[in-house]
Amino acid sequence: MHLLIKDLILEEINKEGKIPFFEFMRMALYHPEYGYYNSEKERVGKQGDYYTSPAVHRMFGELIAKQLEEMWMIMGKELFTVVEMGANRGWLCHDIIQSVVHEYPEFYSNFHYIIVESNPYAREKQRSLLESLEGTEEKVSWHTYTEDGFSFDKIRGCFLSNEFVDALPVHRLKMKNKVLKETYVGYNGVNFCEIDDAVSVPALQKYLETNKISLEEDQVCEVNLGAADWLRHVSEKLDKGFIITIDYGDTRDGLYHENMREGTLRCYYDHTFNRDYFEQLGEQDITAHVDFTNLINAGKAVQLEVTGFIKQSHFLIALGILERLHDARHDTGTILKLKNLLHPEAMGEVFKVLIQHKNIENPQLASLRPLQSITMSNS
């Protein structure tokens, strides 16, 4: 554990008596120097703590490129900007651009890519990876996102995020003796400890009402207020276009059934997960499942319509991954990797894809068509 991050959190607790879990999580993940997401630590892949879809196989990025090209055509083939939130090592951007260059040259000439990244170490990794692609210095630019919004002007195109929303800090609520309580973090002289007390901000109660969540006695839930703020900022900058959000989670009904009484908060360290939030501070990821009902409701409040909501496996199959699997049938390594993206137990069903749109009349996307129509046309 970073002693420094622990000391900084302790300092905050000593000053306030206790801090909302949200604040604890924010410091552990996003402290400018010692937070998990701002360190030089390898987070993704074999040497890291978890895998993401772009790290599994380049085909993930190639299929997203196919989806982006279709969106560009729907929007009249004008200048199209892709904004990617938190691009990790830059794999997804690399695979999308490489695919667009080779497969969709006309799209490429109308294409710009913005990476939203605050971690200077990650920016360097992204730059050096993208240097291998010719001409990217004109095509890719880097920007930031803060509580005040984005550092670029309005765009037409698509906001793209893969495992961004699950990493936003959350508040934790609990029903105790029929009274709604919030979980705070305190210190008992030896360890950090949880304290249940009155809800810290009225927006939390409003969140439960908007999303029609009623907690049972002792049931815990996480509330991600940052997701709605982010969508509001997205809508401010999106003149016309789409938002693709890929993450693990579910709609409200899926998240709040009986066996989710403890909430969905998890820590990831060295490819294993645990619930020891107070250990390995700054060294492990802390994350909660995304409540897609919240993203849908928050989007509607800022003129973002739902284009569709599907499992990642559906999204990839509708975009043609099975044909590519067939082409790679003699390459066992590729087949195993691609199955990881599709398998219900791996990423195929846990991960969902929400597509929203703004200022476009009833767009029809290939990735959202019913799977029956695909299997019928292939048989």
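The values are calculated or read from the model by the stated rules, or taken from the named source; none is laboratory data. This one's a predicted model, so the numbers in the text were calculated from it and none came from an experiment. Heads up, the Cβs are rebuilt from the backbone with ideal geometry, glycines too, and the neighbour counts pull from every protein chain shown. The accessibility values were calculated without ligands, DNA or RNA, using every heavy atom of the protein model including side chains. Shrake-Rupley method; radii C 1.70, N 1.55, O 1.52, S 1.80 Å.
Couple of notes before you dig in:
- Residues located in the stretch 348-379, provided they are modelled with pLDDT under 85 and of a type in the set (A, V, I, L, M): Val350, Leu371, Ile374, Met376
- Count of residues meeting criterion [in contact with a strand residue (DSSP E or B) (Cβ under 8 Å, 6 or more places away or on another chain) and assigned to a helix (DSSP H, G or I)] in the stretch 6-22: 7
- Hey, Glu33 outside any loop (DSSP other than H, G, I, E, B), on the phi < 0 side of the Ramachandran plot and either modelled with pLDDT of 60 or more or within 20 Å of the chain's Cα centre (by Cα) (or both) or not: no
- When the stretch 129-173 is filtered for residues that are within 30 Å of Arg261 (Cβ to Cβ) and open to solvent by 20 Å² or more (accessible area, probe 1.4 Å), the ones remaining, listed by number, are Glu163, Phe164, Leu168.
- Here Thr287 meets the list (1) touching a helix residue (DSSP H, G or I) at 6+ places or on another chain (Cβ under 6 Å); (2) polar (S, T, N, Q); (3) more than 22 Å from Leu354 (Cβ to Cβ) almost entirely, failing just condition (3).
- Helices (runs of 4 or more DSSP H) contained entirely in the stretch 183-268, each with at least 3 residues that are touching a strand residue (DSSP E or B) at 6+ places or on another chain (Cβ under 8 Å) and crowded, with 18+ Cβ neighbours inside 10 Å: 225-237
- Residues of the stretch 294-329 satisfying the condition of being open to solvent by 20 Å² or more (accessible area, probe 1.4 Å) and over 24 Å from Asn359 (Cβ atoms): Lys311, His314, Ile317, Leu322, Glu323, Arg324, Leu325, His326, Asp327, Arg329
- Screening Lys176 on (1) within 20 Å of the chain's Cα centre (by Cα); (2) within 30 Å of Phe24 (Cα to Cα); (3) open to solvent by 10 Å² or more (accessible area, probe 1.4 Å) shows it passes everything except condition (1).
- In the stretch 147-182, the residues that are in a strand (DSSP E or B) and free of Cβ contacts under 8 Å to residues at least 12 places away in the same chain: Val179
- Glu62 vs. criteria of a type outside the set (Lys, Arg), modelled with pLDDT of 95 or more and either over 20 Å from the mean Cα position of the chain (by Cα) or buried (at least 18 other Cβ atoms within 10 Å of the Cβ) (or both): no
- Within the stretch 274-293, the set of residues being open to solvent by 10 Å² or more (accessible area, probe 1.4 Å) and more than 18 Å from the chain's Cα centre (by Cα) comprises Asn274, Arg275, Asp276, Tyr277, Phe278, Glu279, Gln280, Glu283.
- Members of the stretch 97-108 that are open to solvent by 20 Å² or more (accessible area, probe 1.4 Å) and within 23 Å of the chain's Cα centre (by Cα): Gln98
- Within the stretch 194-219, tally of residues that are free of Cβ contacts under 8 Å to residues at least 60 places away in the same chain and within 19 Å of Arg26 (Cα to Cα): 5
- Close pairs from the stretch 15-29: first open to solvent by 10 Å² or more (accessible area, probe 1.4 Å), partner among the hydrophobic types (A, V, I, L, M, F, W, C) and part of a strand (DSSP E or B), Cβ under 6 Å, at least 6 apart: Lys18/Ile195
- For the stretch 109-120, the set of residues classified as surrounded by fewer than 19 Cβ atoms within 10 Å (Cβ to Cβ), over 20 Å from the mean Cα position of the chain (by Cα) and in contact (Cβ under 8 Å) with a residue 12 or more places away in the chain consists of Asn110, His112, listed by residue number.
- Residue match in the stretch 94-114 (condition: in contact with a Phe, Trp or Tyr (Cβ under 7 Å, 6 or more places away or on another chain) and assigned to a strand (DSSP E or B)): yes
- Neighbours by Cβ (under 6 Å, 6+ apart or cross-chain): first from the stretch 70-81, in contact (Cβ under 8 Å) with a residue 24 or more places away in the chain; second open to solvent by 40 Å² or more (accessible area, probe 1.4 Å) and not in a loop (DSSP other than H, G, I, E, B): Thr81/His112
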